[in-house]
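Structure record follows, encoded as structure tokens.
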Amino acid sequence: MRVDKTVREQGSPLPSPSSSFPLLLGADLCENMPCTCTWRNWRQWIRPLAVVIYLVSIVVAVPLCVWELQKLEVGIHTKAWFIAGIFLLLTIPISLWVILQHLVHYTQPELQKPIIRILWMVPIYSLDSWIALKYPNIAIYVDTCRECYEAYVIYNFMGFLTNYLTNRYPNLVLILEAKDQQKHFPPLCCCPPWTMGEVLLFRCKLGVLQYTVVRPFTTIVALICELLDIYDEGNFSFSNAWTYLVIINNMSQLFAMYCLLLFYKVLKEELSPIQPVGKFLCVKLVVFVSFCPK
């Protein structure tokens with residue numbers, strides 16, 4: 001009675017439980033309903049967005065290329081640049097689509113993170129090759145970024161292998177210690193073998209990672225030498241800096257490849273499910289095919 005009296009005095013009836021329940025239920029639904037425009041469900045809209053950006057890029061880039069060809073006197077260099085641009089437009093979306101697939105299905109971060117970093121080398125290499133072909137005067141600067149990323153790719157490839165092994169075989173050092181002693185390959189067959197276990201694992205990693213330090217260092221030195229006009233790229237002569245830097249880079253890269261080969265030889269059975277040889281050959285073929293014309 002007191003409640004009814006208070007209600008009449010205030011002039012507003014109390015809502016019944018049955019009438020308030022839909023309101024509460026609707027509030028809960030609004031709170032739990034995901035918004036289609038938020039960053040939380042970016043996996044749903046990132047791929048359509050990538051397709052739209054690619055189509056817009058095609059619509060913009062192709063007329064610009066045709067206009068450039070009509071503007072200039074078309075020579076062999078311009079034709080090569082135009083053909084390279086066509087392959088660039090084909091390469092980048094394929095690579096980005098594979099990267100997006102990994103991001104959308106990001107279920108194994110310790111393995112997919114280095115894979116994504118390795119996949120980025122394809123658009124970076126193709127874009128660098130296209131820019132260097134169009135503007136040879138700035139090729140040394142874009143090549144600096146490309147060569148540093150090449151070392152970063154080798155680092156991530158080694159990280160991919162070690163992450164796979166440590167996740168699948170927590171006692172990896174004990175597995176190595178139980179294996180037969182691995183001797184060095186030629187031309188290092190006269191050197192004492194590395195002790196199986198932690199010593200071999202550490203030295204193989206160190207042998208690969210030294211290239212990730214040497215390569216950026218020599219690249220920066222090459223850039224400085226180019227600015228001082230003492231680089232002379234392509235002229236094999238001991239009077240310029242290019243010859244010495246090429247020798248240092250090749251020795252560092254060969255030793256890194258040797259350590260990778262030794263690492264694979266020892267752990268061939270454990271690495272067989274991911275087929276690392278084919279993956280590594282693909283990485284090196286991208287480097288070779290992209291820059292052998294230079």
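Data overview
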read-out	value
Checking P186 against (1) within 25 Å of P273 (Cβ to Cβ); (2) out of contact with any Pro (no Cβ under 9 Å at 6 or more places or on another chain), the condition it does not meet	(1)
Pick from the range 225-279, criterion in a helix (DSSP H, G or I) and of a type in the set (D, E, K, R), ranking: farthest from the chain's Cα centre (by Cα)	E226
All positions within the range 138-159 that are under 15 Å from P276 (Cα atoms) and in contact (Cβ under 8 Å) with a residue 60 or more places away in the chain	V153, I154, F157, M158
Flag if L209 is surrounded by 13 or more Cβ atoms within 10 Å (Cβ to Cβ) and more than 21 Å from the chain's Cα centre (by Cα)	no
Hits in the range 234-259 - residues which are buried (at least 17 other Cβ atoms within 10 Å of the Cβ), under 27 Å from V142 (Cβ atoms) and of a type outside the set (S, T, N, Q)	A241, W242, L245, A256
Scan of the range 135-180 for residues that are out of contact with any Pro (no Cβ under 8 Å at 6 or more places or on another chain), buried (at least 19 other Cβ atoms within 10 Å of the Cβ) and small (G, A, S), ordered by number	A139
Test: residue in the range 188-199 that is crowded, with 20+ Cβ neighbours inside 10 Å and assigned to a helix (DSSP H, G or I)	no
The lone exception for E110 - which of (1) at pLDDT 90 or above; (2) closer than 18 Å to V208 by Cα it fails	(2)
Condition check for L24: part of a helix (DSSP H, G or I), at pLDDT 70 or above and either out of contact with any Gly (no Cβ under 9 Å at 6 or more places or on another chain) or of a type in the set (S, T, Y) (or both)	no
Residue within the range 215-226 that is surrounded by 12 or more Cβ atoms within 10 Å (Cβ to Cβ) and over 19 Å from R146 (Cα atoms) present	no
Pair list, Cβ under 6 Å, 6 or more apart: the range 227-242 residue modelled with pLDDT of 85 or more, other residue surrounded by 10 or more Cβ atoms within 10 Å (Cβ to Cβ) and in a loop (DSSP other than H, G, I, E, B)	N240/D232; A241/I230; A241/Y231; W242/Y231; W242/D232; W242/E233
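The values are calculated or read from the model by the stated rules, or taken from the named source; none is laboratory data. Quantities reported herein were computed from a predicted structural model and do not represent experimental measurements. Here the Cβ is made from the backbone with ideal geometry for all residues, glycine too, and neighbour counts use every protein chain on show.
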